[in-house]
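These notes are about the structure you will find just below.
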Ligand code: NAD
Ligand code: ISE
């Protein structure tokens, strides 16, 4: 079976997913696209032989669209995900699921009302080989009960419209999701420490930040978020357990011995660092849609991430430890 996919948003990641669906994945075909930049949508549609439609709702309702991929700007996600649920079509939504916890809950309620899972959220780190190996080690008890986690999320630079809040909402959200999944534990409080600001960032941008999280099970997590680190895209994660530590491996790079030096490259971009994770994420989504069993990160994960990032942003502005109040998880998402 070929799953016919409609894509809303043909910017950076939307066009990359269209390329992936067409040239990397099997069992999928992009049949319709839209973007508020109609010229861009028309170009992409022409390149991939898809219909260029005027609105996201038209994409969702189109007769040649079996499933929808949402890759437009965050504030537009909730509307399109709700449209897809109303149409009974599976929908892959790039993070964030929605920009408010209330909208995430509306999606959760609509999906539960529909009766089976339709929504997958684009937390791609769960598909990265290194994180998957780390989770297997933790689940097997290789380092005993987790006590602490030390994480680093460094970008070389960020665009001019990047704000201090985005360090948590856009960047740290990946650690928030992947740590919930790795530890199989819920985050209960957030605090943000604000070190001296780098001279490489705009003065109004608080960069770096240290996000401190605590879980229900008592694990203490520190996440360094440093988005103007200059030297590369660097993702690190170490879980400290009672019996040892488990660390995320760096991506394999050749090690050069030359001119009196030992050298190894550092990737520069999140697209390169997680390219395999995106490929696996989207292929598994296509396969799950074809099989009629949507899996992967749920609407509930999208909701939980939203509540935790809200607490993080409040902590950044208040300087206080902010409790995270996530509702009880419905049995639907057990
Ligand atoms: P982008 O600005 O490059 O692309 C977004 C596109 O959506 C633009 O072309 C814009 O014109 C279009 N758009 C906006 N509103 C629309 C609407 N109502 N209908 C149709 N099109 C609309 O942004 P991006 O970097 O591609 O990010 C898109 C989303 O993907 C964001 O939510 C972002 O957080 C997420 N993202 C996820 C990852 C990841 O690692 N999972 C990485 C990057 C971006
Ligand atoms: C971006 O939106 C991403 O999702 C990247 O994975 C992350 O590294 C970057 O900081 C975000 O801005």
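The values are calculated or read from the model by the stated rules, or taken from the named source; none is laboratory data. Fair warning: this is a prediction, and the values are worked out from it, not measured in the lab. Glycine gets a Cβ as well: all are built from the backbone with ideal geometry, and neighbour counts include every protein chain shown.
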Residues that are farther than 19 Å from residue 124 by Cα and either in contact (Cβ under 8 Å) with a residue 12 or more places away in the chain or away from ligand 2 (no atom under 16 Å from the Cβ) (or both): find the strands (runs of 3 or more DSSP E) completely inside region 1-90 holding 1 or more of those.
3-8, 28-34
From (1) touching a helix residue (DSSP H, G or I) at 6+ places or on another chain (Cβ under 7 Å); (2) in a helix (DSSP H, G or I), pick out the condition that doesn't hold for residue 149.
(2)
For the condition surrounded by 23 or more Cβ atoms within 10 Å (Cβ to Cβ) and touching a strand residue (DSSP E or B) at 6+ places or on another chain (Cβ under 9 Å), what is the one hit in 64, 43, 111, 58?
111
Can we say residue 187 is more than 11 Å from ligand 2 (Cβ to nearest atom) and in contact with a helix residue (DSSP H, G or I) (Cβ under 6 Å, 6 or more places away or on another chain)?
yes
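Conditions (1) out of contact with any strand residue (DSSP E or B) (no Cβ under 9 Å at 6 or more places or on another chain); (2) farther than 19 Å from residue 227 by Cα; (3) surrounded by fewer than 17 Cβ atoms within 10 Å (Cβ to Cβ), marked per residue:
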| site | (1), (2), (3) |
| --- | --- |
| 139 | yes, yes, yes |
| 150 | no, no, yes |
| 160 | yes, no, yes |
| 163 | yes, no, yes |
| 166 | yes, no, no |
| 170 | yes, no, no |
| 174 | no, no, no |
Residues located in region 193-216, provided they are touching a strand residue (DSSP E or B) at 6+ places or on another chain (Cβ under 8 Å) and more than 16 Å from ligand 2 (Cβ to nearest atom):
193, 194, 195, 212, 213, 214, 215, 216
Give region 264-288 a look and list any residue that's at pLDDT 95 or above, touching a helix residue (DSSP H, G or I) at 6+ places or on another chain (Cβ under 8 Å) and within 15 Å of ligand 1 (Cβ to nearest atom), or say none.
267, 274, 276, 277, 278, 279, 280, 281, 282, 284
How many of the residues making up region 91-119 are more than 16 Å from ligand 2 (Cβ to nearest atom) and either part of a strand (DSSP E or B) or more than 14 Å from residue 297 (Cβ to Cβ) (or both)?
15
